[in-house]
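A.B. asks: Once you've had a glance at the structure underneath, I'll fire off some questions.
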Amino acid sequence: MVNYRTSRILPIILVIVIIVIAIAAIVSLARIVFFSGSSTSVVVDESRAALLTTTAGRSVNMTVRGPIVADEEFHSYRIDISPGNRTIKTYTGYLENVVASNSLPNSVAAYEQFVYALDKANFSKGIELEGDRNDVRGVCATGRVYEFSIMNNEDIVKKLWTSTCKGSVGSLKSSVTQLTSLFVNQIPDADKLIKKVSL
């Protein structure tokens with residue numbers, strides 16, 4: 001009789017133990033899937049990391065273009081800053097005929113200070129737009145368009161833009177005035193070159 005009771009109770013206990021283990025496993029799995037990123041793990045902002053990297057091949061640039069007008073009257077300029085070089089070019093026409101340019105050497109220490117200043121100004125804070133929404137051709141036809149890019153060699157890591165037109169605010173989430181000043185101040189007399197092309 002004792003053997004009969006034992007033979008009936010043992011399978012029941014075994015089934016209960018298996019059910020408890022299964023529930024514990026499901027709860028653990030649910031915690032990993034749904035709550036793993038909410039407590040202590042830190043989400044890495046890849047574009048910010050790219051901005052603050054000062055190795056060779058890294059750079060940042062700013063392009064400013066004026067209103068969409070006749071080819072002869074269209075003007076733009078671009079400033080590129082890398083750990084080894086600082087360049088400004090001013091253009092006329094849509095095919096970017098160079099009006100004036102200046103190229104100066106840079107140092108890793110100077111570049112580091114510059115990109116950290118950009119970071120403090122929330123340079124990479126915006127969310128890059130996708131597809132046609134990130135195409136600035138024809139955007140803000142009566143005003144200025146500002147494009148900012150973080151580069152790794154020839155590859156764009158992140159491109160943000162804004163304009164002076166209310167209907168085309170773009171993806172930049174920081175002060176365009178502050179960022180423009182930071183770029184222009186990297187090249188002595190850059191403002192004189194920019195004045196040669198009326199935007």
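The values are calculated or read from the model by the stated rules, or taken from the named source; none is laboratory data. Note that the structure is predicted; figures quoted are calculated from it, not measured. All Cβ positions, even for glycine, are placed from backbone atoms using ideal geometry, and neighbour counts span all protein chains on display.
Yes or no, residue by residue, for (1) more than 18 Å from Leu182 (Cα to Cα); (2) not aliphatic (A, V, I, L, M):
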{"site": "Thr54", "(1), (2)": "no, yes"}
{"site": "Val64", "(1), (2)": "no, no"}
{"site": "Ile68", "(1), (2)": "yes, no"}
{"site": "Asn97", "(1), (2)": "yes, yes"}
{"site": "Ala100", "(1), (2)": "yes, no"}
{"site": "Asn106", "(1), (2)": "no, yes"}
{"site": "Lys125", "(1), (2)": "no, yes"}
{"site": "Arg133", "(1), (2)": "yes, yes"}
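A.B. asks: Exactly one of (1) of a type in the set (Asp, Glu); (2) farther than 19 Å from Ala56 by Cα; (3) out of contact with any Gly (no Cβ under 9 Å at 6 or more places or on another chain) is unmet by Asp155. Its number?
C.D. replies: (2)
A.B. asks: While we're looking at this one, here's another question. So which residues in the range 84-114 are in contact with an Asp or Glu (Cβ under 9 Å, 6 or more places away or on another chain) and charged (D, E, K, R), if there are any at all?
C.D. replies: Arg86, Lys89
A.B. asks: Select from the range 179-199 the residues that are more than 22 Å from Asn97 (Cα to Cα) and either surrounded by 18 or more Cβ atoms within 10 Å (Cβ to Cβ) or not assigned by TED's automatic domain parsing to the domain that holds Leu160 (or both) and list them in ascending order.
C.D. replies: Scanning the range 179-199 gives Leu179, Leu182, Gln186.
A.B. asks: Also, I was wondering about something else. Please go through the range 168-187 and pick out each residue that is more than 16 Å from Glu128 (Cα to Cα) and free of Cβ contacts under 8 Å to residues at least 12 places away in the same chain.
C.D. replies: Within the range 168-187, Thr177, Ser181, Asn185 meet the criteria.
A.B. asks: Moving on. Among the candidates Ser163, Ser171, single out the residue that is within 16 Å of Gly126 (Cα to Cα), over 16 Å from the mean Cα position of the chain (by Cα) and not β-branched (Val, Ile, Thr).
C.D. replies: One residue alone meets the criteria, Ser163.
A.B. asks: What residue, of Ala117, Ala100, Ala121, Ala109, is exposed (fewer than 13 other Cβ atoms within 10 Å of the Cβ) and of a type outside the set (Val, Ile, Thr)? Working first, answer last.
C.D. replies: On the way: Ala117 fails: exposed (fewer than 13 other Cβ atoms within 10 Å of the Cβ); Ala100 fails: exposed (fewer than 13 other Cβ atoms within 10 Å of the Cβ); Ala121 fails: exposed (fewer than 13 other Cβ atoms within 10 Å of the Cβ).
Just one listed residue meets the conditions, Ala109.
A.B. asks: Counting only residues that are of a type in the set (A, V, I, L, M) and in contact with a helix residue (DSSP H, G or I) (Cβ under 9 Å, 6 or more places away or on another chain), which one in the range 82-116 is nearest to Ala56 (Cα to Cα)?
C.D. replies: Selected residue: Val115.
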